[in-house]
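See structure below.
The values are calculated or read from the model by the stated rules, or taken from the named source; none is laboratory data. A quick note: this is a predicted structure, and the numbers were derived from the prediction, not measured. Every residue, glycine among them, receives a Cβ derived from its backbone with ideal geometry; neighbour counts consider all protein chains shown. Accessible surface is based on the protein model in full, side chains and every heavy atom, while ligands, DNA and RNA are left aside. Shrake-Rupley method; radii C 1.70, N 1.55, O 1.52, S 1.80 Å.
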Amino acid sequence: MLRRLAERFRDRLGPESVIDDPVRLRTYECDGLTYHRASPGLVVLPGSAEEVAFVVRECVEAGVPYVARGSGTGLSGGALPRTDGVLVVTSRMRRILEVDPDNQRAVVEPGVINLDVSKAVRPHGYYYAPDPSSQQICSIGGNVAENSGGAHCLKYGFTANHVLACEIVTPEGEITTLGDGPGYDLLGAFIGAEGTLGITTKITVRLTRIPQAVETLLAAFPSVETAGAAVSAIIGAGIVPAAVEMMDALAIEAAEAAVACGYPADAAAVLIVELDGPETEVASQFARVRLLCEEAGAFEQRVARDDADRALIWKGRRSAFAAVGRISPAYIVQDGVIPRTALPEVLADIDRLSRESGVRVANVFHAGDGNLHPLVLFDDAEEGAGERAELVSGAILDLCIAHGGSITGEHGVGVDKARYLPRMFTEADLDTMQMVRCAFDPPNLCNPGKVFPTPRLCGEIPRVRKGSPDGELF
Amino acid sequence: MFDSRPVTDEDAVLGVRPRYVVEPSTVAEAAAVMRVAHEEGLTVVPRGNGTRVHWGAAPRACDVVIDTRKLDRVVEHAAGDLVVTVEAGLPVRSLQDVLRTTGQQLALDSPFPSTVGGLVATAAAGPRRLLYGTARDLLIGITVVRADGTIVKSGGKVVKNVAGYDLGKLYTGSFGTLGLIVKASFRLHPLPEQQMYVATDGRDPARRVRALLHSHLVPSAIEVDGDGTVAALFEGTAARSRAEEAVALLGAGATAAGAPPAWWGRYPDGDVLLEVQGKPTDLTGLLTVRDAWLRGSAGSGVWFLGTSAEAAPRVVAKLREHLPTVVRHAPLELHETLDLWGPTPALSLMRRVKDQFDPDHRLSPGRFIGGI
Amino acid sequence: MGDDLGKLLGDCVHCGFCLPTCPTYVLWGEEMDSPRGRIHLMQQHHDGTPLTPEMAGHFDACLGCLACVTSCPSGVQYDKLIESTREEVERVHPRTRAEQALRETVFALFPYPARLRALRGPLRLYQGSGLSRLLRPVLERLSPSLAAMERLTPPLGRAYRLPERVPARGGRRATVGMLTGCVQREFFPQVNSATARVLALEGCDVLIPKGQGCCGALSLHSGRAEEAKAFARATIVAFESADAVVVNSAGCGSAMKDYAALLADEPEWAGRAEALSAKTKDFSEFLAALGPRAERHPLELTAAYHDACHLAHGQGVRAQPRSLLAGIPGLELREIADPDVCCGSAGTYNLFQPEAAGELGDRKAANVAATGASLLVAANPGCTLQIATALRRRGHEPAVAHPAQVLDASLRGLGPGVLGVSGEGGPGPSR
């Protein structure tokens, strides 16, 4: 079946857009999460919405599952291919189609790299606000699928708050637009659905004015508790920083080894606090932030002198995940959310888990919104180490749930966390979510097996009436 | 069958008088009502304070009105986390009173004394949508009673969360056609220390909107009135000095004040209210539309036009040549001719969503787009 | 390398940060033509998958620009990985006769200044000659590059043969050896002259050993390790007596800094190689450390500085050339967009992969043109040729210079005219 599809795709898309050599296919076997691997049955690299629609229609007709993938940087296996299916890679759809600074928006193709949007609109005084740590490579299409956040979403929100409309290819192979007219907010449901409701082919994003002033503070603390207290104090003072990031000693060590970011070596925790906005606002609030950090016990505070200095401060944070590779042969990047006020308690619990199990845990997180990224370290050469790390990693998620939080703040559920979803939601909750999937994708061929632990059979609910009496008006 | 209060003419939804009006005071009671309606095959229309119950089309049928106003508890206000969870029938103004005590607010405006649920169900938002977004952007979790009476939730009570589908956005603006909203969690914002308004005379509105929008001053709102007056709101610890900068930027005819202009955040007058979802640069064209009074969030490109019953068909047709235009409310006799919701892409997907959530089409039937 | 290779491969965490800086990924958007994908292919081969022609093709397509090394947060040593992989490819992958002929010609030609020199004149005539069928396509492939070099090279008569020693002016601060290179010596003798003058004007005794040959960079970066080692040993011998070796060609400097690793397994050479690597300095790297002494005269021009991969990624030298240029009064320095992405020259790459190289050259040329600068400054002869050729395809007649030439013009008080800058600004359309 796949061989026949490959021929069909070659005829329509050209031979350079179809990959079916097994050695090449295997390079697509995983995204940023290497724990799950599956070599795709076929890879296609379409160049237009029409080509995507063609591929999807062919798949549906053949009953073959398909999965969309952008740059392959996801951390939950959301774009994990199917060995019996087609991987639709959007990395060649990377044109910035329109920049409209007067209306603060731009139209881009899904393969456009997040940071490239900002680069393209910077001459107009704008940028694209959502900034996942992988922004230098992750694609906007992938961001839409995962509703990606980033350090600055504390103030500016997530992808869903910055995407105005999407052209999509529906799971039945039709090209349509979401968010461009009245009716249900299907765009809101689509963003963050992890590619299970269709494939994005064009995205209208909102652009944000480059702030007049930015101040970045790197504050070093003698303990994670005191750093956590500083965060609470800042938020409690009615300040909404652009970002508040925390790293603990182990994460600092890794970042230092990787990019020599110059963080204070003896700090048990550092906070990166960034304020942006009109100069007058930033000036008065930044002074307060510095004072609050000092009162909370910061023993060193470094203020970024210029953009280069700021970039260096952020470099340590942005490279932290990959940098942990320098201090540990293998590790799990966890992603959980807790109410910010539970931070000290949960951090103490993680520390206890780590000590009891002997599994090292480095902590990097978006402290401002309680989004934790514990990095659970292990040596994959050691027997059973991976399993022990998995246990600790899972226990951390349980802590998040117990505190009324979430099992994922930005990495998504993908294949990796589908089994944890029932700990957060009842069967009925999940069933209701899947009603949307059934509406979009009755044959369940669009990225099947992701997000939900058990697929819902879409024929379950009897359809009493199709459409409505006056629906024929349209 | 229900513990219904006496039904009066006041309870009619756009002329359709219900057989029962029930006022559940707990989520469990609300679910019980929905379950009975499901079993009996009854049509249901949810309603809060009824401030926008005249928006949208009349229901094809309405056996039961579920009045949510007794679901009015603040379930949890986690001030340190800037998060609140409330029941749907709580008036937004009461919620703001509670939040004010801790220096916080829900950054959603409404000119009416609406309930939280009503605001979410109609996706109504005011001037400050420019900075804070609308209900969809502030909603972080929602609990809904499904058509079959099952209580289900989506999202949670943390501001950052991508676990499962975000159904909150789907329910937002769904006009009671997908389920009964019973609880909602929101992210909150600190109350600003200062609030300052800057207003201009009617000259050159498009240029002034552009100047504000592209300035570094980060206004919370940029509104325009039909006579070309532009007004902006500045909030923060240094709002006064930013407002002064804005006055300088806008030139002669601009003034700063501590209070908004009288028209701020109110819908334009008229028998018919239209809402246009467009772009900031639509302003110049919209100001030339005859027989309609424009008012809107110029920075976001969301526009309202008030017009008369006679002019409405022409105005609507004219607008729809270029922009998606929804008739928010109009005299009943115009409903047939006006096509309240207008065309939209992806309507077939919307129908299928409706079929999934409400296969019998019993929830606010006919109120929504395409007769959904 | 056995288990070492396995360990090096294991460093990759598959984050993808290398993708946007990889020239072939930028071109084709395919996983297997990205560093992450190539590492995955290496892993497959390491795990026992035979080296297929497809695999070899993806390794061959790698420019070896090392941009991925710079962008990798996990410290993956892709340079080592690709070098050993190329060796493996050369060992086990059968090449077609045409491929083989091209490779042999290139490696028999470029590392040998005398042969390059001999080719300069006859080259123009080759089309009319009765060359063998096998060699003809080879020369056709080579000819655009050689022709491009010809165009940028001053007439033979003006080429100045450097003496073995150029004495310091105004008090000696250092004694340095200078590598003259192959392509640099034959096609850009003016760069070498400028380098020697600037070093002397800044107070260096410049030693230019006659016996020096190719440093081995081309061979080293193409999987021909044995050939590279032979060149390396000869170069070590030639410069053993100098305190420092100044190199004005990025590819050569990068290779010489790798001698320590290249000869690590040869006991009699390891120490000497390490010593040479340690004292090898790029021209701008050396001058920046030495500090300016000679007076800078104004040069009124706008210059776009191009990061040669083997300088920026191979040696981490980015700030020094910029600060040298910025230190010249009147000179306005402009940045080229996407500085991390290779221009497509990459040693022999534009000879073996002309299509990809041409596309990359076009991209780079577009970014260079967008700066509006009147002079393009690059510290590697390959880059200069590549970008100049691409600019010409766009209808621009660019002025190009090595940082040494720019500095030379400033120190000697010559105007921008000596650098070919007309003063109108912008790499304008050719007449």
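Odds and ends about this structure:
- Value of Rg to Rh for the stretch B:66-146 (Rh from inverse mean 1/r over Cα pairs, i.e. Kirkwood): 0.93
- A:Ala287/B:Asp3 FRET efficiency (R0 51 Å; Cβ-Cβ; nearest 0.05): 0.30
- Inter-centroid distance (Cα atoms) of the stretch A:275-291 relative to the stretch A:84-131, Å: 31 Å
- In straight-distance terms, cross-link reach from C:Lys229 covers every one of the aspartates and glutamates whose alpha-carbon lies under 20 Å from its own, apart from those fewer than eight places away in the same chain; here that gives C:Asp79, C:Glu83, C:Glu87, C:Glu88, C:Glu90, C:Glu104, C:Glu240, C:Asp258, C:Asp265, C:Glu266, C:Glu268, C:Glu274.
- For the stretch A:96-209, the pair-distance distribution built from all alpha carbon pairs, in bins 10 Å wide starting at 0, is 16, 51, 29, 4 percent.
- Estimated from the Cβ-Cβ distance and a Förster radius of 30 angstrom, the FRET efficiency linking C:Arg392 and C:Arg296 is about 0.45.
- Lysines whose Cα lies under 29 Å from that of A:Lys315, excluding same-chain neighbours fewer than 8 positions away: A:Lys119, A:Lys155, A:Lys417, B:Lys160, C:Lys7, C:Lys80, C:Lys257, C:Lys281, C:Lys364
- Panel values: the stretch C:3-92, Kirkwood radius from alpha carbon pairs, Stokes-Einstein at 4 °C and 1.567 mPa s, translational diffusion coefficient 101 µm²/s.
- For the stretch C:3-92, a simple Cβ point-charge model (Lys and Arg +1, Asp and Glu -1, everything else neutral) yields a dipole of about 200 debye relative to the Cα centre.
- Whole-percent carbon and sulfur share, accessible surface of the stretch A:274-416, 1.4 Å: 51 percent
- Computed over the stretch C:296-419, the alpha-carbon pair-distance distribution with 10 angstrom bins reads 14, 47, 31, 7, 0, each value a whole percent.
- Which of A:Ala265, A:Ala296, A:Val282, positive extreme of dipole for the stretch A:264-319 (C-beta unit charges): A:Ala265
- With a 10 Å cut-off around each Cβ of C:23-35, the average count of Cβ atoms from other chains is 5.
- When chain B is treated as a Gaussian network with alpha carbon springs shorter than 10 Å, the biggest mean-square fluctuation among B:Ser297, B:Ser154, B:Ser215 belongs to B:Ser215.
- Only alpha carbons enter this Debye calculation for the stretch A:116-172, each as an equal point scatterer, and the log10 of I(q)/I(0) it gives at q = 0.15, 0.20, 0.21, 0.29 Å⁻¹ is -0.45, -0.77, -0.83, -1.30.
- Charge-dipole axis of chain B as Lys and Arg at +1 and Asp and Glu at -1 on Cβ define it, positive-most pick from B:Ser114, B:Gly270, B:Val98: B:Val98
- If the convex hull is drawn through the Cα atoms of the protein assembly as shown, its volume per residue in Å³: 188 Å³
- Degrees separating the helix A:279-296 axis from the principal Cα axis of chain A, which is the longest one: 60 degrees
- Counting only protein heavy atoms and a probe of 1.4 Å, the accessible surface of the stretch A:2-89 is 45% carbon and sulfur.
- Largest mean-square fluctuation among B:Met196, B:Met350, B:Met34, in a Gaussian network model of chain B whose springs join Cα atoms under 10 Å apart, belongs to B:Met350.
- Relative packing of peptides C:237-246, C:410-419 - highest average C-beta neighbours within 10 Å first: C:237-246, C:410-419
- Size estimate for chain C follows the Kirkwood approach: the inverse of mean 1/r over distinct Cα pairs works out to 22.1 Å.
- Value at 222 nm in deg cm²/dmol, rounded to 500, when DSSP H runs of n ≥ 4 in chain C each add -39,500 (n - 2.57): -15000 deg cm²/dmol
- Note on chain B: with a GNM built from Cα contacts shorter than 10 Å, the maximum mean-square fluctuation among B:Gly117, B:Gly228, B:Gly236 falls on B:Gly236.
- q = 0.14, 0.16 Å⁻¹: log10 I(q)/I(0) that the Debye formula gives for the stretch B:208-310, counting C-alpha atoms only: -0.53, -0.68
- Buried surface for the B/A pair, taken as the accessible area of each chain alone minus that of the pair with a 1.4 Å probe, is close to 7100 Å² in total.
- Calculated SAXS-style log₁₀ I(q)/I(0) at q = 0.15, 0.17, 0.24 Å⁻¹ - the stretch A:232-328, Debye, Cα scatterers: -0.62, -0.78, -1.31
- Per residue, the protein assembly as shown exposes 36 Å² of solvent-accessible protein surface, assessed with a 1.4 angstrom probe and all protein chains in place.
- Peptide B:334-346 is shielded by partner chain Cβ atoms: per residue, an average of 4 of them sit within 10 Å of its Cβ.
- FRET E, pair A:Arg3, B:Val98, Förster distance 51 Å, beta-carbon r, rounded to 0.05: 0.20
- Kirkwood Rh in Å, taken over all unlike Cα pairs in the stretch A:213-402: 16.7 Å
- Cα-based Rg of chain A normalised by 2.2 N^0.38 Å, two decimals: 1.00
- A:Thr34 paired with A:Ile96, simple spin-label distance in nm, labels 7 Å along Cα-to-beta-carbon: 3.3 nm
- Inter-chain neighbour count for A:168-177: the average number of beta-carbon atoms from partner chains within 10 Å of each residue's beta-carbon is 2.
- Percent of Cα-Cα distances greater than 26 Å, calculated over chain B: 53 percent
- Kirkwood Rh in Å, taken over all unlike Cα pairs in the stretch A:2-89: 12.8 Å
- Binned Cα-Cα distances of the stretch B:194-257, short to long, each 10 Å bin given as a whole percent: 26, 62, 13, 0
- Sequence ranges A:306-315, C:56-65, ranked by mean other-Cβ count within 10 angstrom, highest first: C:56-65, A:306-315
- Distance (nanometres) between label positions extended 7 Å along Cα→Cβ at B:Thr26 and B:Ser308: 5.5 nm
- Size of the stretch B:32-110 from its Cα atoms: along the principal axes, largest to smallest, the extents are 45, 27, 17 Å.
- Counting only Cα atoms, the size of the stretch B:272-334 along its three principal axes is 34, 18, 18 Å, in decreasing order.
- Radius 14 Å from Cβ of A:Pro344, net charge of other residues (Lys, Arg +1; Asp, Glu -1): -4
- Residues within the reach of a label modelled at A:Glu16 (point 7 angstrom out along Cα to beta-carbon, backbone nitrogen below 15 Å), restricted to the stretch C:342-365, are C:353-363.
- Diffusion constant of the stretch C:165-287 at 4 °C, which comes from Stokes-Einstein with the Kirkwood Cα-pair radius and 1.567 mPa s, µm²/s: 90 µm²/s
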